[in-house]
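Colleague: Let me begin by handing over the structure; questions about it come next.
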């Protein structure tokens, strides 16, 4: 049934776009052309661990197709897999989306994402329809969206990682004017959970059906040749529990009662920023002010940092003929804006990014920031020990970062004019201070990662060798963990670089509170081959040995074989037999 729905959506989009289009000039254009790519990956796995949970065989299909009918283009993309991940969450891995485009009209059908503004709708995925209108001979712009933002997930207390959710429907509008880099837009977004989308009510979870209305105003303009200003403001009304009784509201909430049902405990929140930048020789200098009310959120974004007010100066400058590049911010930030939190802070906030190129062959980079942000936290060993590219896929694995710092440097060794071989040494270190979204704000963790690598490239035999070591230390509220291990990789091309081979081995040992818990050895071998530019094949084998030193006979091994094929094609004119043949192969 799902396939029929996707097909109906695509056909409806094709009909709606073609019907009534301007036909003048079409005789000079190519009536039908295709460009795109298709890929398939087959994964075969076997393990001595009965609790491994991996399917013996799984596959992932990906594809993209752009169909051009005269001057109308219809981009389509999809991702599909039979792999069942070991958690239940309200977002899809299997996705199908198409973006038909004709001149200044762009539509979105299926799975897509759009952005109206930082505080209204920003990059949230939806399943539905959207449109962007940007007439080339007009200053007016219009965007609209309607669709499902979260799928319904029944509560299952027996399944680990289950995240129950009501089906969430959202729609929005962005309208304004744009000309010569100057623009102003009014934005609107409405989201509402369907309380009848679940067969059984959510009992043990604290999740309640919500409703949200956000209106905003954003824009930017050049005041003079060297001064540019920007602003983004929004007001969000949130009903965090639709089961609460209705209640008349006054003020701004009451003004919008024709768009959102007024209820008990409904609140309205403001958020916004305003700033200006001034061009200076070799860079820019500017100032920005931002304030986000405590409790501010929007259903049009995944996560949001609120309860903050800051003012900051920013600088971007090149010095010493480009050998020193400096960019950063410095300012003042405070929280507890409504004086209702148990604790409050006033702090100096900074971010800096410095790149130094003292001599040819030496590159040093420094980064630091204590601005709050959201990101994915993954140790380098998560990638080293992964058995498939999808092993660590988790849409909800977001973490709030309050401080992060890093340094990386690379040095070229030997004579730079040596045409027989080249040598490089690189080192890196980064630190992150974070708190998990799924836990209390006091659940603070510190993550330290470091690595050092030596690379030797022998150009005489086209052999590339890399030897390195990685270290990870994590300090949690409940203890600490430490992982360290070396790695060695070799790569060599054959047949005019059409066949590329690689071989690697990695070993690492993990400790928890000073006690060894696991040791892992990973053997990898792979090859990829390109045939006539359009066809590419890849074959990868992995053998993993795992053991738990603190547990008797706790050893396991795992073998994974992955075969992939990708095909890229371009058919410029399907009605031209010669052109069609030349572009197929």
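Colleague: Of the residues 474, 504, 452, which is over 30 Å from residue 529 (Cα atoms) and at pLDDT 95 or above? Lay out the reasoning, then the answer.
Modeller: Working: 474 fails: at pLDDT 95 or above; 504 fails: over 30 Å from residue 529 (Cα atoms).
When all the criteria are applied, what remains is 452.
Colleague: Confirm whether residue 142 is without any contact (Cβ under 8 Å) to a residue 40 or more places away in the chain, surrounded by fewer than 19 Cβ atoms within 10 Å (Cβ to Cβ) and farther than 17 Å from residue 217 by Cα.
Modeller: For residue 142, the condition - without any contact (Cβ under 8 Å) to a residue 40 or more places away in the chain, surrounded by fewer than 19 Cβ atoms within 10 Å (Cβ to Cβ) and farther than 17 Å from residue 217 by Cα - is not met.
Colleague: If you scan the range 324-340, which residues turn out to be surrounded by 18 or more Cβ atoms within 10 Å (Cβ to Cβ) and assigned to a loop (DSSP other than H, G, I, E, B)?
Modeller: First, the residues of the range 324-340 that are surrounded by 18 or more Cβ atoms within 10 Å (Cβ to Cβ): 325, 328-329, 331, 333, 335.
335, the sole residue that qualifies.
Colleague: Moving on to the next point. Condition first: under 24 Å from the mean Cα position of the chain (by Cα) and modelled with pLDDT under 90. Now tell me which residues in the range 277-305 satisfy that.
Modeller: Selection gives 301, 302, 303, 304, 305.
Colleague: Residues that are under 30 Å from residue 37 (Cβ atoms) and over 31 Å from the mean Cα position of the chain (by Cα), at least 2 per element: which strands (runs of 3 or more DSSP E) completely within the range 467-556 meet that? Can you show your working first?
Modeller: On the way: elements: 479-494, 499-512, 515-531, 535-547.
Qualifying strands (runs of 3 or more DSSP E): 479-494.
Colleague: Select, from 260, 253, the only residue that is more than 33 Å from the chain's Cα centre (by Cα), surrounded by 15 or more Cβ atoms within 10 Å (Cβ to Cβ) and within 22 Å of residue 120 (Cβ to Cβ).
Modeller: On inspection, the qualifying residue turns out to be 253.
Colleague: Related question: Mind listing whichever residues of the range 314-323 are part of a strand (DSSP E or B) and loosely packed, with under 15 Cβ neighbours inside 10 Å?
Modeller: 319
Colleague: Given the criteria modelled with pLDDT of 95 or more, more than 29 Å from the chain's Cα centre (by Cα) and assigned by TED's automatic domain parsing to the domain that holds residue 116, does residue 227 qualify? Walk me through it before giving the result.
Modeller: Details: modelled with pLDDT of 95 or more: yes; more than 29 Å from the chain's Cα centre (by Cα): yes; assigned by TED's automatic domain parsing to the domain that holds residue 116: yes.
The answer is yes for residue 227.
Colleague: If I filter the range 496-503 for residues that are touching a helix residue (DSSP H, G or I) at 6+ places or on another chain (Cβ under 9 Å) and closer than 30 Å to residue 472 by Cα, do I get at least one hit?
Modeller: No, the range 496-503 contains no residue that is touching a helix residue (DSSP H, G or I) at 6+ places or on another chain (Cβ under 9 Å) and closer than 30 Å to residue 472 by Cα.
Quick grid of which residues meet (1) exposed (fewer than 15 other Cβ atoms within 10 Å of the Cβ); (2) touching a residue at least 24 places away in the same chain (Cβ under 8 Å); (3) out of contact with any strand residue (DSSP E or B) (no Cβ under 6 Å at 6 or more places or on another chain):
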| position | (1), (2), (3) |
| --- | --- |
| 516 | yes, yes, yes |
| 522 | no, yes, no |
| 527 | no, yes, no |
| 534 | no, yes, no |
| 538 | no, yes, no |
| 541 | no, no, no |
| 548 | no, yes, no |
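Colleague: If you don't mind, there's one more thing I want to ask. Could you figure out which of (1) surrounded by fewer than 19 Cβ atoms within 10 Å (Cβ to Cβ); (2) over 30 Å from residue 133 (Cβ atoms) isn't true of residue 164?
Modeller: Tallying (1) surrounded by fewer than 19 Cβ atoms within 10 Å (Cβ to Cβ); (2) over 30 Å from residue 133 (Cβ atoms), residue 164 fails exactly one: (1).
Colleague: Still on this model: Sort out which residues of the range 35-56 are over 23 Å from the mean Cα position of the chain (by Cα) and closer than 17 Å to residue 538 by Cα, and write them in order of number.
Modeller: 42, 43, 44, 45
Colleague: I would also like to ask the following. For residue 276, only one of the following conditions fails: (1) in contact with a strand residue (DSSP E or B) (Cβ under 7 Å, 6 or more places away or on another chain); (2) loosely packed, with under 14 Cβ neighbours inside 10 Å. What is its number?
Modeller: (2) is the only condition that residue 276 fails.
Colleague: Another question, if that's okay. Quickly run through the range 254-297 and pick out the residues that are part of a loop (DSSP other than H, G, I, E, B), free of Cβ contacts under 8 Å to residues at least 24 places away in the same chain and within 30 Å of residue 329 (Cα to Cα). Don't jump to the end; show me each part of the working.
Modeller: Looking only at the range 254-297, we keep the residues that are part of a loop (DSSP other than H, G, I, E, B), and these are 256-262, 264-266, 281-282, 293-297.
Remaining after also requiring free of Cβ contacts under 8 Å to residues at least 24 places away in the same chain: 257-258, 262, 264, 281.
Hit for the range 254-297 is 281, nothing else.
Colleague: Output the qualifying pairs, or none if there are none: Cβ atoms under 9 angstrom, residues six or more apart or on different chains, first residue in the range 46-73 and closer than 17 Å to residue 102 by Cβ and not assigned by TED's automatic domain parsing to the domain that holds residue 542, second residue at pLDDT 80 or above and exposed (fewer than 15 other Cβ atoms within 10 Å of the Cβ).
Modeller: From the range 46-73, the pairs are 71/103; 72/103.
The values are calculated or read from the model by the stated rules, or taken from the named source; none is laboratory data. The structure presented is a predicted model; accordingly, all values stated were derived computationally and were not measured. For neighbour counting, all protein chains shown are included, and Cβ atoms are generated from backbone atoms with ideal geometry for every residue, glycine included.
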